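We did not get these values from a lab; they are worked out from the coordinates using the rules stated. Bear in mind that the values here come from a model prediction, so they are computed numbers and not experimental data. All Cβ positions, glycine included, derive from the backbone under ideal geometry; neighbour counts span all protein chains shown.
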Amino acid sequence: MNEKLRTAIRKEIERLTRFPEGYLPDWVVRHKESLINRAVEILEENNADKNNPQNIYRAAWLAIDENF
C-alpha cells in the first residue's frame with residue numbers, strides 16, 4: 001500500500017477529529033489504523049483518484065462516519 005496515501009489519509013482523519021484544544025479523541029487513537037484502512041478501501045471501491053485531496057477528504061470523512 002502506498003505510504004504517501006496512508007499518511008495523507010491519517011493527516012486528514014486527525015484534522016477532521018482533533019479537538020480545538022489540540023488533542024485527538026481516544027476512539028480515534030485506538031481505531032486510527034482501521035479508519036485509514038477503511039478510507040483506502042473506499043477509494044478503491046469507487047475507483048477514485050488517490051492523488052486528489054478532495055477524494056482523500058471524502059474517504060476519510062466516510063470512514064469516520066461509517067464507524068462511529
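Just a few scattered comments:
- With respect to the conditions (1) crowded, with 16+ Cβ neighbours inside 10 Å; (2) among the hydrophobic types (A, V, I, L, M, F, W, C); (3) in contact with an Asp or Glu (Cβ under 8 Å, 6 or more places away or on another chain), residue 24 falls short on a single one, namely (1).
- Candidate set: the range 1-41, residues that are of a type in the set (A, V, I, L, M, F, W, C) and assigned to a loop (DSSP other than H, G, I, E, B); chosen: the one farthest from the chain's Cα centre (by Cα): 19
- All conditions in (1) assigned to a helix (DSSP H, G or I); (2) touching a residue at least 12 places away in the same chain (Cβ under 8 Å); (3) of a type in the set (D, E, K, R) hold for residue 44, with the sole exception of (2).
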